[in-house]
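Working notes for the structure below.
Coordinate-derived values only; no laboratory data. Small disclaimer: the values here were computed from a predicted structure and weren't measured. Don't worry about glycine lacking a Cβ; one is built from the backbone with ideal geometry, like all the others, and counts go over all protein chains shown.
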Amino acid sequence: MTPPAPHPARRNTLKTLAALGATALAPAWAQPGRAPAPARAIQIAQIVDTSVAQQDVSKDFLIGSRAAWQDINARGGIRGRPVQHLSIEVDGTVASLRAALRQVADNPACVALSGTAGDPVATQLVAELRQQNLALAHVAPWLQNSSIEVDDRTFPIFAARQEQIGHALKSLTTMGVQEVGAVYASAQEYGLYQDDLQRIAAGMKLRLQSYRANGDLDRLGRQLTPGTPAILLFVGGTPELVQFTQGLEKQQRQRYIVALADVNLQTMTQMGAARSTPVIATQAVPMVNASLPVVRSYRETMARLFDEPPVSLSLAGFIAARYTFEVLRELDAPLTRQTALAAFQRRSTLDVGGYRVAFDPQRRSATFVTQSMLTTDGRVIG
């Protein structure tokens, strides 16, 4: 069946995914805030990765954050002061991240970093802040590896891949599944997550077969043998999964994919992927049709400001900004970089419109995971 036509506001994303090279672009959704700050404005910076592998994550995450900050300003900002939301693009390299971080560090009006996306840049930023010993809050990044040690500068509020893997495998065992294939999109993904996945599967008495791509995911999909498990857990991003499903669909055997929250199901639909392979993806935020106050506010704000369909990654960006706002507005002292960092370091339990943030001894708040599904007729349900 022919998938539905892409939403008009998203066609540019598809063109860009096809045309992007190694250099960073300046797409309309990531316009950096370079205008002078209004008087008395509070500046919040958001670093986003516009590289090919991360653009679909960063685009939606940034749109959600931008919607939240615009809505916050419309309601009076933070204690009557407007917020200038600065989006700073990087191309996935350490050099571009260091340049972005210098831009933030040299700007005393910028009191915090909020909503860094995607995962590789968020991970690099944890290390850079530690190495440079910058007293700057790194709030609600899209940090997807729970084995990354975070210090008193970084405040993750979304479930990492390990928690998502545990949720996905537990759901499968509940359905009686006894064997799963694990597909790693790259040697890097294999090195980062293979031990964790083996450990989690063994704890649930699941048999696990592992498959690692060597650069050609389409070929890997075509070469899987009939003895390969029908259910495959895919560890990688959207572009890689699109390639993999293209290879799978040249086979006769029906397969089912379980992916993680970095996979953008809406982008897969727009690219015509997974036409005969159902894809279930974990997500680290509630369903976009949930009745929680923060989700209702997100849907209304997105419809009013951007005319964008609700998707889980932009909801994550929205929640990241709202969490940042909720902490900063409770400050009793004048709002500076130092007082903002101290406020986040308290790691107080907080209810963000029904999304609960409660940090554990490892300095993370990462308990919420659910799932949605891309059907073969192009619908995303869950």
### Task
Going by C-beta contacts inside 10 Å, put Arg75, Arg255 in order with the fewest on the left.
Arg75, Arg255
### Rg over Rh, two decimals, region 161-260 (C-alpha only, Kirkwood Rh)
0.93
### Query
If r is the Cβ-Cβ distance from Arg275 to Leu305 and R0 is 30 Å, what FRET efficiency results, to the nearest 0.05?
0.35
### Query
Which ³J(HN,Hα) values in Hz, rounded to whole numbers, follow from the phi angles of region 193-201 under the Karplus curve 6.51 cos²θ - 1.76 cosθ + 1.60, where θ = phi - 60° and Gly and Pro get x?
10, 4, 5, 4, 5, 4, 5, 5, 5
## Note on the structure
Here region 87-104 yields Karplus 3J(HN,Hα) values (6.51, -1.76, 1.60; θ = phi - 60°; whole Hz; Gly and Pro given as x) of 9, 10, 8, 10, 9, x, 8, 5, 4, 5, 5, 5, 5, 5, 5, 4, 4, 6
### Per-pair calculated FRET efficiency, R0 = 45 Å: Ser171 and Arg79 via Cβ, rounded to 0.05
0.55
#### Entry: In sequence order, calculated HN-Hα J values of region 348-353 (Karplus, 6.51, -1.76, 1.60; Hz; x Gly/Pro)
5, 5, 9, 9, 9, x
## Note on the structure
For Arg212, other-chain or 5+-apart residues with amide H closer than 5 Å (H placed, Pro excluded) are Tyr184
### Built amide H within the under 5 Å cut-off of Ala261, gap 5+
Thr282
### Query
What value, in deg cm²/dmol to 500, does the helix sum -39500 (n - 2.57) over DSSP H runs of n ≥ 4 give at 222 nm once divided by the residues of the chain?
-12500 deg cm²/dmol
### Query
In region 48-132, with Lys and Arg counted as +1 and Asp and Glu as -1 at Cβ, which of these residues, Gln132, Asn73, Val52, has the Cα nearest the positive end of the dipole, that is, farthest along it?
Asn73
### Message
I'd like the distance between the alpha-carbon centres of region 104-179 and region 260-292, rounded to an integer number of Å.
### Response
20
### Task
Summarise the long-distance tail of P(r) for the chain by giving the % of C-alpha pairs beyond 38 Å.
16
### Query
Among Lys250, Lys59, which comes first, second and so on when ranked by fewest other beta-carbon atoms within 10 Å?
Lys250, Lys59
### Message
Neighbour counts of other C-beta atoms within 10 Å: give me Val94, Val288 arranged from fewest to most.
### Response
Val94, Val288
### Query
Can you give me the Cα centroid spacing of region 307-382 and region 69-87 in angstrom?
17
### Sequence-distant residues sharing a close amide H with Val311 (under 5 Å, placed H)
none
